[in-house]
Amino acid sequence: MIQLIRYEFFKLFRLKKFFLSIAGINFVPLLLLFVFSVLIIKGLLYGWVGIVEKLEHEMVGNGVLVAVTALLATFSWFAWFFQTIIAGELISKEFENKSIKLMLLMPFSRLTIYFGKLATTIIFFILNMVLYLSLLALLGVLMQKVFFLDVLSLVDYSILFKLCCAFFVVNFSCIALVFLVSLFARSAETSFALYIFLTVILKSIDGVVLLFGKLAIIQPDIADFMVKYSYLKSCEIIKFEKISKFIERGNFSELPITFDMLGVNMLYSLLFLYIGYIVFKNKEEKG
């Protein structure tokens, strides 16, 4: 398996898309680091330091929680976007240029090849998460240099760990779904388009089910149950429908974060992986 993963990364290293994806996923912290680097220079030139010292510690601490949560949510969305490209290269591209036939000549089973590609994408995600958190930590150091605000001491690391685990689970299910979709695409570009289209369709289905529930076409309890346990709802770590009320209250300690649907999300992941392997196995036999 390790040899197969190394082979998959070797192929990715030869693609510009691979490095563009890394830059794209980490674009936000890289941009913030650039901004704060400029602020450091300005602070050194004009003595612009200590601005945040007058703010209340509790307010700043809660603001850090909101910022970290928002940044991790942004990371999750960017990773979702660029992992679609990576999965397209690992799956759809193999069948597009017929290189999958070369892999079948290797001393690996079809199951090993499938999970080797899956493991490559997961490792790509984990490495990017580590890089993203490292850049955010460096950003915290720069904030201390510029504003004399010890941001790293204000981070609730227990919540940070839970958020990282939650976003890993959600993105794992996204990877599993992307792999499944990529098996039906004829190219990496088509794989990306199909995944976007599927996401829109799933969101539309949720809306239609809710509408049917309100119109009594479907029993309201059944409609609510179907939407609550739908795939897209299981991906929600931050309850976006509660964001507006949260902003109105202004209580940062009540940030609408939930982890109760992760078990459902994991079941979807297993379902996607199983169907994906069946399709991958049959497609190989035809290829």
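The values are calculated or read from the model by the stated rules, or taken from the named source; none is laboratory data. Since this is a predicted model, take the numbers as computed values, not measurements. Positions of Cβ are backbone-derived with ideal geometry, glycine not excepted, and every protein chain shown enters the neighbour counts.
Taking the criterion of being in contact (Cβ under 8 Å) with a residue 24 or more places away in the chain, assigned to a loop (DSSP other than H, G, I, E, B) and surrounded by fewer than 16 Cβ atoms within 10 Å (Cβ to Cβ), the residues of region 143-186 that qualify are Phe148, Asp156, Phe184, Arg186. For residues in region 116-135 being of a type outside the set (A, V, I, L, M) and crowded, with 18+ Cβ neighbours inside 10 Å, which is nearest to Phe168 (Cα to Cα)? Only one residue tops the list, namely Phe125.
Consider region 250-287 and keep the residues that are farther than 15 Å from Ser234 by Cβ and acidic (Asp, Glu). The one that is modelled with the lowest pLDDT is Glu285.
Scoring Gly207 on the criteria (1) more than 21 Å from the chain's Cα centre (by Cα); (2) part of a helix (DSSP H, G or I); (3) within 14 Å of Ile86 (Cα to Cα); (4) not β-branched (Val, Ile, Thr) leaves a single failure, condition (3).
Of the residues that make up region 22-30, is at least one at pLDDT below 80 and surrounded by 14 or more Cβ atoms within 10 Å (Cβ to Cβ)? There is no residue in region 22-30 that is at pLDDT below 80 and surrounded by 14 or more Cβ atoms within 10 Å (Cβ to Cβ).
Go through region 218-232 residue by residue and tally those that are crowded, with 16+ Cβ neighbours inside 10 Å and at pLDDT below 85. Full working, then the answer.
So the first thing to find is which residues in region 218-232 are crowded, with 16+ Cβ neighbours inside 10 Å, and the list is 218, 223, 226-227, 230-231.
So of that shortlist, the ones also at pLDDT below 85 come out as 218, 223, 227.
So the answer is 3.
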